[in-house]
Amino acid sequence: APKRRFGTMASSWLGRHVLAVDDFDDAMLSEVFSTAAKMKRMVKEKGAAPILAGRILANVFYEPSTRTMCSFDAAMKRLGGQVISVSESSSSAKKGETIEDTVRCLQCYCDVLVLRHPEKGTAARAASAASKPVINAGDGVGEHPTQALLDLFTTFNARDNGSADLSGLTLTLVGDLKHGRTVHSLSLLASKASPPPRILCVSPQPLAMPEHVTATLRSRGVQVEETTDLRAALPSTDVLYVTRVQRERFADEEEYKKHAGSYVVDKQLMELAPAHMMVLHPLPRVDEIATDVDADPRAKYFEQMENGMYVRMALLALVLGADLTALGD
């Protein structure tokens, strides 16, 4: 299909699946971030703009979700669209239906599908069977590309100068880096910057970042360092990205308990951090960030969640070819 033009620019997002961060080029990132900024201003000023009126999103979630599911739902509705929701308990997966057949059926009723699934690679399988755009909302321990987009958007917006330049910046990833799809996607997306940030991985050894991820990062010229010592890492950190140890990824409860609570960011620990540092977390948190950090101006994780809606509004509008002129400049 020909690309619809927004002013003089053809969008590369139109009709695309959103499966992995390596699918995005610089122009696409610039477009989605500038569109998200417009969405943020629009919501502050008038709450909604019906640029996706008559369009329907299918929210297909085979894993529990609060923020991702609700933010996609809210994003579509703020743009005038409608949402149908499907969970594993309400779908024919219970009867043995494949994800390919589920997608082929659901796309008869909608214009775009958002999919979360516990098995890595399922989003790509769904996309291969779909004629409508599929957005990966997390596939097991694989990727979570829309989370990475909102994480980077928050990083740029929370900096004093709003700069999109990541050179000289140290991004410290903490927690369960083995199972954490959010850190896989964020590190890979950040590595596409020119030049990329330094990435510091802090985790218990058994929960270290997968070797295939660190190898890819290093092949792109990223300075990657791995340690178990958060206190030593903190003073040089610009962005602290904290993740929980994911109970649902462990087959052995005792193994989970061994690593749960490995790192706790609290008010006392934050005294070691630079004044300009920001703290991000994809949420939900368990006990890895104490509530006494919430009032610290460096805590940006609730702002991060709000930004998720604006980024997802931008993605839906771009993928579905909405007329963005209603948003203004």
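The values are calculated or read from the model by the stated rules, or taken from the named source; none is laboratory data. Keep in mind that this is a model prediction, so the values were computed, not measured. As a convention, Cβ positions derive from the backbone with ideal geometry for all residues, glycine included, and neighbour counts pool all protein chains shown. Note: areas computed on protein heavy atoms with side chains; ligands, DNA, RNA excluded. Shrake-Rupley method; radii C 1.70, N 1.55, O 1.52, S 1.80 Å.
What's the FRET efficiency of Ser194 with Arg218 using the Cβ-Cβ distance as r and R₀ = 22 Å, to the nearest 0.05? The calculated FRET efficiency here is 0.90.
For the set Lys38/Lys300; Lys44/Lys120; Lys132/Lys300, the pairs lying more than 32 angstrom apart at their alpha carbons are Lys44/Lys120; Lys132/Lys300. Dividing the helix sum by the residues of the chain, where each DSSP H run of 4 or more adds -39500 (n - 2.57), gives a mean residue ellipticity at 222 nm of -10500 deg cm²/dmol. For the chain, the solvent-accessible area works out to 43 Å² per residue, with a probe of 1.4 Å and every protein chain left in place.
Ordering Cys70, Leu152, Met278 by Cα displacement along the dipole of the chain toward the positive end leaves Cys70 in first place; charges were set at the Cβ atoms of Lys, Arg (+1) and Asp, Glu (-1). Applying both filters, DSSP loop and at most 16 other Cβ atoms within 10 Å, to the chymotrypsin sites (Phe, Trp or Tyr not before Pro) of region 54-151 gives Tyr109. Here the spin labels are modelled as points 7 Å beyond Cα on the Cα-Cβ line, and at Glu226 and Ser85 they lie 3.9 nm apart. Peptides 181-194, 207-220 ranked from most to least packed, by the mean per-residue count of other Cβ atoms within 10 Å: 181-194, 207-220.
Computed as a quarter of the hull surface, the mean projected area of the alpha carbon convex hull for region 13-79 stands at 5.5 nm².
Over the C-alpha atoms of the chain, the Rg to Rh ratio, Rh being the Kirkwood estimate, stands at 0.96. Averaging the sequence gap over all C-alpha pairs within less than 8 Å and six or more residues apart, then dividing by the number of residues, gives the chain a relative contact order of 21 percent.
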